[in-house]
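In what follows, a single structure is set out as structure tokens and then discussed.
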Amino acid sequence: MKLRLIVAAAFLLCLVRVASAHRLDEYLQATIISVDKDHIQASMRMIPGVAVFSSVIASIDTNGDGIISDAEQRAYAQRVLGDLSLTVDGKSVLPKLVSVDFPQIELMREGLGEIHIEFTADLPHGSHNRRLILQKNHQKQNAAYLINCLVPRDPDIRIVAQNRNERQSFYQLDYVQAGGSLARPFANGGQTSADR
């Protein structure tokens with residue numbers, strides 16, 4: 001449990017350093033994943049930079065009234081989730097929105113406001129050796145992606161490997177569950193789809 005908290009704190013400190021300055025020409029989209037036996041939970045922090053604010057806000061405030069209504073917040077969060085591709089052991093998994101929280105528009109205009117989206121996804125039954133793949137495509141023309149996984153709370157789940165492409169729009173998590181072996185659990189020796 002302590003290791004999980006340390007990893008989470010270190011990741012959040014990195015994000016605080018990144019987010020403490022005014023974002024400029026990127027749309028930072030940072031995701032933290034937590035794996036359990038039958039589901040995953042994920043938290044996204046999204047910070048539009050000053051130079052990309054107008055295009056981001058136009059996709060959120062669809063009626064252009066300068067106010068982000070609850071309906072617009074939920075609709076935007078659903079679009080973000082729709083731009084995710086999530087598979088576990090080769091099977092598509094549907095992310096479900098848990099919550100969304102938006103900052104004041106003025107903070108976003110200054111590159112400081114953070115959109116928070118929480119989602120979960122039920123996992124299909126599988127073997128001891130599991131592979132989760134998350135691909136992010138939301139506003140990819142100006143996005144800066146970050147993805148990481150927390151140390152599992154369940155002692156029967158062990159992370160084997162995390163692999164990402166350079167942009168971190170592709171993320172692969174290999175893990176064993178319920179007593180699986182850690183020795184070369186995957187036929188390709190840990191090579192990612194992004195590396196092929």
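Values as computed for the structure displayed
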read-out	value
Contour minus Cα-Cα distance for Leu24 and Asn163 (0.36 nm per residue)	47.3 nm
Under 13 Å from the Cα of Lys91 - aspartates and glutamates, other chains or at least 8 residues apart	Asp122
Cα-projected label distance for Leu94 with Ala71, points at 7 Å along beta-carbon direction, nm	2.3 nm
Furthest towards positive pole of dipole, Gln162, Ala143, Ala121, structure part region 121-167, Cβ charges	Ala143
Spin-label zone in region 60-77 - amide nitrogen under 15 Å from a point set 7 Å from the Cα of Gln141 along the C-beta vector	60
Region 119-184, Cα convex hull volume normalised per residue, Å³	103 Å³
Dipole of region 52-114, positive end: most advanced residue of Ile105, Ser55, Leu84 [Cβ charges, Cα centre]	Leu84
Label-point separation in nm, Lys37 to Arg79, each point 7 Å along Cα→Cβ	4.0 nm
Prolate/oblate/rounded call for region 13-156, Cα gyration tensor, a/c under 1.5 rounded	prolate
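Rule-based calculations on the coordinates, nothing more; no lab input. Values in this document were obtained by computation on a predicted structure and should not be read as measured data. Glycine also receives a Cβ, built like all others from the backbone with ideal geometry; neighbour counts cover every protein chain displayed.
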